[in-house]
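The values are calculated or read from the model by the stated rules, or taken from the named source; none is laboratory data. Every value quoted in this text rests on a predicted model; they were computed, and no experiment measured them. Ideal geometry is used to build each Cβ from the backbone, glycine not excepted, and the neighbour counts take in all protein chains shown.
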């Protein structure tokens, strides 16, 4: 049976490399086809051969580990952490040198033999020249992150493996190592690897950054980013310079942020890059370099920076330090803040985000904040609510159309949301309500990075996707109303936003929203009103709190909001009512039912009345009865 499988796989490889079958199957990926061709023409490998991998002698393996001793020390804890994040079972986390030789392996002790039978043991050479197309070897050649899934391997004996690998570069841009996660489980799907690949990329970047910091421990080290709160994250730029102010090394993020090439900067004075003298720059140094400050480049770029080193007295400050702040969102809740950091990290690596949470809990504000804190902050952030647009219009809204492509189309045509967000971010709100036919088209766009307007030709796009929903998408996958492959494609990292009632920063959020709604107007809450607002259940979450505050700000004349100014349902009962009979359980249940129906129908009165089976007049009467104010 094994021989038959190897023969069929070898035939598939030969068919693809002869250019006879590029339309489907593993060889349809150009990078796989290129690798298979290299294996045949450059390395003269046989896909059906079942020979064991080449393994370094023990002495040579020790020499290889000695050369990368510092990298292995840094990577050790990161590999263990990655193995735990992947739930451990069924995964091997591997680190190789720049030749593809495995120098370290983290796996469950009970599974070590399984991976050794697959050829994944210390000292094994997994370069393309030895083992054909595989995660480690092909990553070394392509110099980019990639996943090699089962039949995409060149050798038939490796088709039981799925491998996700990411390169690790040294401070000079040379390939240092490869971090790989391999699985021998049959149930591993291509879609499920998006999450694994994202974690591998993050871990590789962490190893890369830690190595840079350790390698230039005795140098001045400048850390910078477009956003103050992103200094210290893996996407920050790192620049090392010596005591004379000469640039010694930069990481790739630094080159991207500065818009420069590595070769043109090495050996140059750091003053040539920034609008400050070397003495001013060194005056900002600190041993821990935790606080960031504004820094402007010679070509007008605005950055935030921190400098590691021993501070010197500076003749003049560069600029007044500014506290990191994200506009449009409050992140006082520790768990929410942690989720934001993780979301930003994966977003910077082009991993799709899926935000889950109740209606009104701030999903769009969270998505926008991630965009604004990323390297795409100066590009477009385009939002589309999939539930608010009629099914007949959502296709043209998302993909656009060419002029005259259908009756009623504009003569000049229309750019869709995907094209409008080219270079930036597309936020798909209520993605669970997207029609199935459009889900198929969207999946194609995400896979091919091409958008086809109605009646038009394919156009390349560079867009990152953030999706949001208040629905249980897995349940919709199970009932067939949402594509399983699209779900895994969009769910690179799922972030669950807490309801307002569960947030620990409710008081801070109240102040944030009040200041935001008041603008230049000086508006205050008295203590009783503040306590009442904080005690309220807020079934409509942040959106409801913002709407109430907007109304209170608009109505206040003195600038002080008191208890009597609050909506009726938020005020305590009048004194005479305390002697009357308490609210009946049925009355309370009716009020909750009304609020729930209004939230489900997004406060659309006609839809809410139909949902409840009552007339609009009856609905309005009941709202007045229970003191529920309209948004």
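Data overview
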quantity: Test: residue in region 10-21 that is surrounded by fewer than 16 Cβ atoms within 10 Å (Cβ to Cβ), in a loop (DSSP other than H, G, I, E, B), in contact with a helix residue (DSSP H, G or I) (Cβ under 8 Å, 6 or more places away or on another chain) and modelled with pLDDT under 90; calculated: yes
quantity: Top-ranked residue of region 616-631 - restricted to ones that are surrounded by 12 or more Cβ atoms within 10 Å (Cβ to Cβ) and not in a helix (DSSP H, G or I), ranked as modelled with the lowest pLDDT; calculated: 631
quantity: Subset of region 73-84 (residues that are surrounded by fewer than 18 Cβ atoms within 10 Å (Cβ to Cβ), in contact (Cβ under 8 Å) with a residue 24 or more places away in the chain and under 12 Å from residue 95 (Cα atoms)); calculated: 76, 80
quantity: Selection status of residue 309, at pLDDT 90 or above and closer than 25 Å to residue 169 by Cβ; calculated: no
quantity: Evaluation of residue 119 against (1) touching a helix residue (DSSP H, G or I) at 6+ places or on another chain (Cβ under 7 Å); (2) modelled with pLDDT of 90 or more; (3) in a loop (DSSP other than H, G, I, E, B) (one fails), failing number; calculated: (1)
quantity: Residue match in region 402-412 (condition: surrounded by 15 or more Cβ atoms within 10 Å (Cβ to Cβ), modelled with pLDDT of 80 or more and under 18 Å from residue 490 (Cβ atoms)); calculated: no
quantity: Any hit, region 459-466, residues being under 18 Å from residue 388 (Cα atoms) and surrounded by 14 or more Cβ atoms within 10 Å (Cβ to Cβ); calculated: yes
